[in-house]
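Enquirer: Sending over a structure as structure tokens; questions will come in a sec.
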Amino acid sequence: MTPEPKQLLGIAHAERERLGRTIQYAPPESWEGQSRCQGWRNRDVMAHLAAQEAAAAQLVGGEEAEEFRAFREANGGELWVDGFNQWAVALRADRSPRQIALDWGRAADLLLHRVSEIPPDDWSRRRVPWLAGEIGIRYLVQSRIVEWWLHGEDIRQGAGLEENLQHWPIYLVNDMGIRMLPYALGLAGLSFPGRSVRVDLEGVGGGSWHWGLSPREAPAEDKKPDAFVEGRGSAFALVAGRRVTADLFLDDGSLVIGGDEELALAVLEHIRAYVE
């Protein structure tokens, strides 16, 4: 279950500070090096985050997202995720890594401040226009935590720093990936009406979910899942974050599947914890 607004906001503040420390401890020369994101340097990862934080803060504040507008104006009125991400990184190509990091931090702080002013009862009702359509405030905040943890680990790996496993951000990566399964499967042209998967994870980021695999379908409490996935929460998060293919963790036993194994493999192949 997703944490309530007050707890989710606390997790977001902690993850913002954790990414800030990762930036602080990264060796200066690492910013021009390659991150775990193919084709992106560590500085490019931060440029991507700075653009999205600025847009999110503006939208939550009731303003127009300036860079969304500029991208649409340059692209015939269209806005798509990959195109915007590449454009936003290129837009910051002449800025120093320090300036990009400062821009990200200020935008993240403004976003969290503005979100904190929203009454908790409005979190489930209020929506803002995001990259792939409207999104509720609760899931906008969760999506930012997901990106901060995943990209924080990208930067840590690119900078030669040790991984930083933390329960709540990893749990929220797993939760987002599972909630997005109908969408992710749909992108691959797959549809499994009436079918469901149970995911039971242990350790850091662990939890239990029983989720329908077709849009707007929730399995009955007494329904037996069609497929099962079990294992380590941290391993599942890397698969949901599309940093590691499931084969690696299936081979070493960090993840185990059961029931309809073809369905479980489809879940692990297509799961994603963010829109792309």
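Enquirer: Is it true that some residue in segment 125-137 is under 27 Å from residue 32 (Cα atoms) and out of contact with any strand residue (DSSP E or B) (no Cβ under 8 Å at 6 or more places or on another chain)?
Expert: No: zero hits.
Enquirer: Something else about it: Tell me, which residue of segment 239-276 that is among the charged types (D, E, K, R) and either part of a loop (DSSP other than H, G, I, E, B) or surrounded by 15 or more Cβ atoms within 10 Å (Cβ to Cβ) (or both) is farthest from the chain's Cα centre (by Cα)?
Expert: Applying the filter and picking the extreme gives 260.
Enquirer: Any idea which residue in segment 113-159 is nearest to residue 61 (Cα to Cα), counting only those that are in contact with a Gly (Cβ under 6 Å, 6 or more places away or on another chain) and surrounded by fewer than 20 Cβ atoms within 10 Å (Cβ to Cβ)?
Expert: 114
Enquirer: Could you check, for segment 141-158, whether at least one of its residues is under 20 Å from the mean Cα position of the chain (by Cα) and free of Cβ contacts under 8 Å to residues at least 60 places away in the same chain?
Expert: No, there is no match, as no residue in segment 141-158 is under 20 Å from the mean Cα position of the chain (by Cα) and free of Cβ contacts under 8 Å to residues at least 60 places away in the same chain.
Enquirer: If you don't mind, there's one more thing I want to ask. Check 79, 19, 9 and return the single one that is touching a residue at least 40 places away in the same chain (Cβ under 8 Å) and part of a loop (DSSP other than H, G, I, E, B).
Expert: So the residue among 79, 19, 9 that is touching a residue at least 40 places away in the same chain (Cβ under 8 Å) and part of a loop (DSSP other than H, G, I, E, B) is 79.
Enquirer: Being at pLDDT 95 or above, of a type in the set (A, V, I, L, M, F, W, C) and surrounded by fewer than 20 Cβ atoms within 10 Å (Cβ to Cβ) narrows it down to one residue among 51, 47, 56, 14; which is it?
Expert: 14
Enquirer: Yes or no: segment 214-230 includes at least one residue that is of a type outside the set (D, E, K, R) and under 21 Å from residue 275 (Cα atoms).
Expert: yes
Enquirer: Give the number of residues within segment 19-38 that are more than 13 Å from residue 158 (Cβ to Cβ) and buried (at least 20 other Cβ atoms within 10 Å of the Cβ).
Expert: Looking only at that region, the number is 1.
Enquirer: Identify all residues within segment 159-211 that are acidic (Asp, Glu) and either touching a Leu at 6+ places or on another chain (Cβ under 8 Å) or at pLDDT 95 or above (or both); write none if there are none.
Expert: Result: 175, 200, 202.
Enquirer: Under 9 Å by Cβ, and 6 or more places apart or on different chains, what pairs join a residue from segment 214-241 that is without any contact (Cβ under 8 Å) to a residue 60 or more places away in the chain and assigned by TED's automatic domain parsing to the domain that holds residue 177 with one that is crowded, with 22+ Cβ neighbours inside 10 Å and of a type in the set (D, E, K, R)?
Expert: Partner pairs satisfying both residue conditions: 238/153.
Enquirer: Among the residues of segment 209-230, is there at least one that is under 17 Å from the mean Cα position of the chain (by Cα), part of a loop (DSSP other than H, G, I, E, B) and farther than 19 Å from residue 266 by Cα?
Expert: No - not one qualifying residue is present in segment 209-230.
The values are calculated or read from the model by the stated rules, or taken from the named source; none is laboratory data. Computed from a prediction, not measured in an experiment: that's the story for all the values here. Reconstructed Cβ throughout: ideal geometry from the backbone, glycine too, with neighbour counts over all protein chains shown.
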